[in-house]
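Q: For reference, the structure I am asking about is given below.
The values are calculated or read from the model by the stated rules, or taken from the named source; none is laboratory data. Not measured: the values here are computed from a predicted model. For neighbour counting, all protein chains shown are included, and Cβ atoms are generated from backbone atoms with ideal geometry for every residue, glycine included. Protein only, heavy atoms only, side chains kept; ligands, DNA and RNA dropped before computing areas. Shrake-Rupley method; radii C 1.70, N 1.55, O 1.52, S 1.80 Å.
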Amino acid sequence: MLSKRAGLWLGLIATLAMVSLGSSCGNKTETNDNTGSTTEKTKYTKGDAGSISGTVAFTGEAPANPKIDTSADAQCTSKSPNLTAETWIVKDGKLANTFVYIKDGTVDGKKVDDYAWDTPTAAATLDQNGCHYKPHVLGVMAKQEINITNSDPTTHNIHFLQGKNPDWNQSQPNGAAPLKHSLNTPEQMAQVKCNQHPWMKAFVGVMRHPFFAVTAEDGTFKITGVPPGKYTLVAWHEGATGPGTEKTMEVTVPANGTATADFSFGAT
């Protein structure tokens, strides 16, 4: 009698486990960074994704980037004798280092942030090379690992400034192993500097979803894997002063199609 009852209990437990597994399939538990609460979010799996592509232009005459005085560190002077700021990288009227991202939008009646998106397992790389950061503008997903390397014959001190993410400050001598860091809270844009070399700075866009890109030297960008829907697209550039300048545009991505979005910045 006891054995039969135990068998019934085991069968019930197995059934409940299968029901629980089935209900969670395709879902992902996420923790709210501010409250600590957890929510179940569903992955978008329809397979009809499109893309957004375009160009960011610069109108007018591009401002000259000032030359940087590197005399405080002979190693920097030796490796980068003509180092300049990277505020405006303009080639043939096209603007590099612009961060383009989906700010909000609707997919099948739900906001894009209401879906679960997988964080990349591959780390992003932020290199210190020639006494400046490469890349100057970087995009990552929240909680994605950033691999920080030092390719210079000098010591750097990488400093992620306090914003929506905590302050993080580490020294990295030449030849040291890469540092690992991640930003857990979405933020546009997290700022990075080097305490050893105050002219060094970089900007990191930290996103909840994977729909972002940084313009190349020819000003082009492409965001892939975008579910069909209507979105608010933002182009951010650091600009001459302050936290940067944003331009916005509404775009509609068709199923298995491409939306075009062209932006323009100017000296003023």
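Q: State all residues of the stretch 128-149 that are touching a Lys or Arg at 6+ places or on another chain (Cβ under 9 Å) and open to solvent by less than 20 Å² (accessible area, probe 1.4 Å); if no residue qualifies, say none.
A: Start the filter on the stretch 128-149 by keeping residues that are touching a Lys or Arg at 6+ places or on another chain (Cβ under 9 Å), which leaves 128-133, 136, 141-142, 145-148.
Within the stretch 128-149, Gln128, Gly130, Cys131, Tyr133, His136, Met141, Ala142, Ile146, Ile148 meet the criteria.
Q: Right, here's the next one. All but one of (1) surrounded by fewer than 18 Cβ atoms within 10 Å (Cβ to Cβ); (2) among the charged types (D, E, K, R); (3) closer than 22 Å to Val90 by Cα hold for Lys201, so report the exception by its number.
A: It fails just one condition, (1).
Q: Would you confirm whether any residue within the stretch 160-167 is more than 25 Å from Gln75 (Cα to Cα), open to solvent by less than 40 Å² (accessible area, probe 1.4 Å), small (Gly, Ala, Ser) and in contact (Cβ under 8 Å) with a residue 12 or more places away in the chain? Don't jump to the end; show me each part of the working.
A: From the stretch 160-167, those more than 25 Å from Gln75 (Cα to Cα) are 161-167; that's our starting set.
Filter again for open to solvent by less than 40 Å² (accessible area, probe 1.4 Å), leaving 163, 165.
From what's left, small (Gly, Ala, Ser): 163.
Next, from what is left, pick out any that are in contact (Cβ under 8 Å) with a residue 12 or more places away in the chain: 163.
Within the stretch 160-167 (the criterion being more than 25 Å from Gln75 (Cα to Cα), open to solvent by less than 40 Å² (accessible area, probe 1.4 Å), small (Gly, Ala, Ser) and in contact (Cβ under 8 Å) with a residue 12 or more places away in the chain), the answer is yes, since at least one residue qualifies.
Q: Is it the case, given these coordinates, that Gly93 is at positive phi and open to solvent by 50 Å² or more (accessible area, probe 1.4 Å)?
A: In short, no.
Q: Right, another one. Give the residue, chosen from Thr258, Thr232, Thr252, that is more than 19 Å from Val137 (Cα to Cα), in contact with a Ser or Thr (Cβ under 9 Å, 6 or more places away or on another chain) and open to solvent by 60 Å² or more (accessible area, probe 1.4 Å).
A: Thr258
Q: Those residues that are within 18 Å of Ala124 (Cα to Cα) and open to solvent by 30 Å² or more (accessible area, probe 1.4 Å), I need them from the stretch 150-159; list them, please. Outline the logic, then answer.
A: Taking the stretch 150-159 first, the residues within 18 Å of Ala124 (Cα to Cα) are 150-151, 158-159.
Hit for the stretch 150-159 is Ser151, nothing else.
Here's the yes/no breakdown for (1) under 23 Å from His209 (Cβ atoms); (2) without any contact (Cβ under 8 Å) to a residue 60 or more places away in the chain:
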position	(1), (2)
Gly60	no, no
Thr84	no, yes
Thr106	yes, no
Asp114	yes, no
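Q: Which is surrounded by 10 or more Cβ atoms within 10 Å (Cβ to Cβ), out of contact with any helix residue (DSSP H, G or I) (no Cβ under 8 Å at 6 or more places or on another chain) and modelled with pLDDT of 85 or more, of Lys79, Lys28?
A: Lys79
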